[in-house]
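The values are calculated or read from the model by the stated rules, or taken from the named source; none is laboratory data. Remember, it's a predicted structure, so these values are computed and weren't measured experimentally. Heads up, the Cβs are rebuilt from the backbone with ideal geometry, glycines too, and the neighbour counts pull from every protein chain shown. The accessibility values were calculated without ligands, DNA or RNA, using every heavy atom of the protein model including side chains. Shrake-Rupley method; radii C 1.70, N 1.55, O 1.52, S 1.80 Å.
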Amino acid sequence: MRFFNTYSRKLEEFQPRDPAGRKIDIYTCGPTVYSRAHIGNFRAYVFEDLLQRHLELRGYKVHRVMNITDVDDKTIRGAREAKMPLRKFTEQFKQAFFEDIETLRIKRADEFPSATDQRYIDRMIQMIATLISRGLAYQAEDKSVYFRINKFPEYGKLAHFDLTQLQSTGRVKHDEYDKEHIGDFALWKAWDEEDGEVSWESPWGRGRPGWHIECSAMATTLLGEQIDIHCGGVDNIFPHHEAEIAQSEGVTGKKFVHYWLHCAHLLVDGQKMSKSLGNFYTLPDLLEKGYTGREIRYALMRVHYRAPLNFTWDGMNEARESLGRIDDWLARLRETAAEKIDKEKNMTQPGQQFEEALDDDLNISAALGFLFESIRKTNRAMDRGELDSASANSWLNWWERINSVLSLPAGIQLRASLDMKGERQAVQSPAGIAELVRQGEEARLAKDFQKSDELRNELNAHGWEVRDTKNGYTITHRASS
């Protein structure tokens with residue numbers, strides 16, 4: 001197994017810190033709860049979920065922590081504008097986040113620490129005090145505490161820039177900035193009027209933590225001084241993750257993270273997502289357009305994590321069609337498995353190509369390519385009557401194994417076919433849906449194709465899709481999650 005390490009800019013063989021116990025510690029940067037998370041955020045969270053699930057399929061025991069940033073410049077500004085206490089303001093977005101990860105079938109982390117928990121505030125203060133005692137931090141005349149970047153020789157190694165080639169702007173109090181405005185970054189921010197009631201007491205006076213120290217404190221408290229894998233979006237590389245390394249290693253003197261994995265941006269129709277461009281989407285926005293959680297998950301997952309993902313409506317429809325192909329294939333396999341046909345066939349059995357593709361820097365594109373090639377081969381074999389029950393069951397078992405990684409719930413399929421007398425068999429489905437199907441069939445047999453199409457569109461609006469087959473038709477319910 002190998003991953004592309006942002007720190008070295010190389011593909012490296014994965015060597016966990018605890019090879020005997022096969023235990024892996026992962027820290028993932030979670031949401032900043034000043035608004036509802038958007039689909040760009042969830043692109044990263046789905047990638048991290050895929051990583052964890054694949055490691056677990058390969059026999060590793062994963063301990064994953066995902067933080068929740070509930071105090072920073074953005075959350076304080078949002079609470080002030082909404083005229084709400086910070087905790088009440090952020091709570092609504094925390095709950096929305098947990099609802100959304102359920103919809104996308106993202107595994108819950110072992111811990112979701114919030115930066116405002118006193119346990120972590122205490123750890124932040126302790127770490128800052130240690131950095132000051134080692135000459136790596138200082139309190140400035142504005143009463144805030146800053147990290148001395150020129151005292152940490154490794155600063156800039158993750159983002160791959162040479163500190164000596166950049167012009168320092170002195171100090172930076174804002175949480176987010178670019179390398180053109182590089183400077184000593186804030187560890188502890190002295191209270192000012194814009195902070196309102198948000199503050200904690202510290203040895204340096206009343207104030208609040210800087211964004212970067214929050215993750216260092218939560219990660220080292222829950223996972224220890226060293227971590228196997230740290231994930232996030234490419235926008236987190238600088239300054240956030242660069243600062244995490246400086247703070248954490250400045251305190252412990254040990255290598256903080258062994259492998260840094262970063263997910264590329266999500267674009268919408270080739271452009272950066274922006275509310276001003278009208279292309280800013282949250283999960284409820286997509287659900288309201290009739291797409292399901294599994295369709296959104298598939299669309300966000302299907303492109304390699306280091307390649308930019310261009311979100312389009314055509315892409316969403318392609319995701320729906322791809323999942324329909326999987327549903328139809330599974331239904332055919334189940335029918336073949338139930339026929340109890342036991343013949344000597346030369347049908348190729350499932351191999352390890354799917355898992356091996358994911359071993360290669362989580363190459364989901366190659367893994368899905370192998371899945372759909374397998375679907376084509378087995379469908380041709382079933383068309384020719386060359387797949388027996390045992391082989392069908394082998395492929396079904398293989399699907400269960402790889403779907404522990406993909407986590408795509410099956411669509412509900414209801415099949416109808418012609419019986420010996422040429423009459424339609426009963427369709428077991430919710431009463432209203434069954435009635436629409438019956439009316440559609442009557443219209444089709446009466447060659448009233450306009451009415452038939454209208455009824456099919458109505459079924460589609462309810463989440464049901466009717467497809468004609470050589471033996472009748474298939475009614476598929478798109479899974480809602």
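Test I101 against the stated conditions and say whether it is in contact (Cβ under 8 Å) with a residue 40 or more places away in the chain, over 30 Å from S404 (Cα atoms) and either open to solvent by less than 10 Å² (accessible area, probe 1.4 Å) or assigned to a helix (DSSP H, G or I) (or both).
No; evaluated as a whole, the condition is false for this residue.
Would you mind telling me which numbered condition in (1) closer than 19 Å to W211 by Cβ; (2) in contact with a helix residue (DSSP H, G or I) (Cβ under 9 Å, 6 or more places away or on another chain); (3) open to solvent by 10 Å² or more (accessible area, probe 1.4 Å) N150 fails?
Exception for N150: condition (1).
Listed residues K74, K107; which is in a helix (DSSP H, G or I) and not aromatic (F, W, Y)?
Exactly one residue qualifies, and that residue is K74.
Looking at (1) modelled with pLDDT under 95; (2) surrounded by 13 or more Cβ atoms within 10 Å (Cβ to Cβ); (3) within 27 Å of E102 (Cβ to Cβ), which is the only condition K345 fails?
Of (1) modelled with pLDDT under 95; (2) surrounded by 13 or more Cβ atoms within 10 Å (Cβ to Cβ); (3) within 27 Å of E102 (Cβ to Cβ), only one is false for K345: (3).
Taking region 387-441, which residues are of a type in the set (D, E), modelled with pLDDT of 80 or more and open to solvent by 60 Å² or more (accessible area, probe 1.4 Å)?
Scanning region 387-441 gives a single hit, E400.
Cβ-Cβ distance below 7 Å, separation of 6 or more or different chains: which pairs start in region 202-218 with a residue that is under 13 Å from K173 (Cα atoms) and free of Cβ contacts under 8 Å to residues at least 24 places away in the same chain and end on one that is of a type in the set (A, V, I, L, M) and open to solvent by 10 Å² or more (accessible area, probe 1.4 Å)?
none
Looking only at residues that are at pLDDT 95 or above and farther than 9 Å from I39 by Cβ in region 277-287, which one is surrounded by the most Cβ atoms within 10 Å (Cβ to Cβ)?
Only one residue tops the list, namely L287.
Write out, first by first residue and then by second, each pair whose Cβ atoms fall under 6 Å of each other, whose residues are 6+ apart or on separate chains, and whose first residue, in region 120-139, is at positive phi and in contact (Cβ under 8 Å) with a residue 60 or more places away in the chain while the second is open to solvent by 30 Å² or more (accessible area, probe 1.4 Å) and among the hydroxyl-bearing types (S, T, Y).
Going by the 6 Å Cβ cut-off, there are no qualifying pairs.
Output the residues belonging to region 303-327 that are in a loop (DSSP other than H, G, I, E, B), out of contact with any Asp or Glu (no Cβ under 9 Å at 6 or more places or on another chain) and surrounded by 18 or more Cβ atoms within 10 Å (Cβ to Cβ).
Within region 303-327, just V303 meets the criteria.
Given region 1-40, what strands (runs of 3 or more DSSP E) lie entirely inside it while holding 2 or more residues that are without any contact (Cβ under 8 Å) to a residue 24 or more places away in the chain?
10-13
State all residues of region 178-197 that are open to solvent by less than 20 Å² (accessible area, probe 1.4 Å) and in contact (Cβ under 8 Å) with a residue 60 or more places away in the chain; if no residue qualifies, say none.
L187, W188, D195
Pull up region 218-254, narrow it to residues that are within 17 Å of F147 (Cβ to Cβ) and over 25 Å from the mean Cα position of the chain (by Cα), then point me to the one that is most open to solvent (accessible area, probe 1.4 Å).
The extreme case among them is G253.
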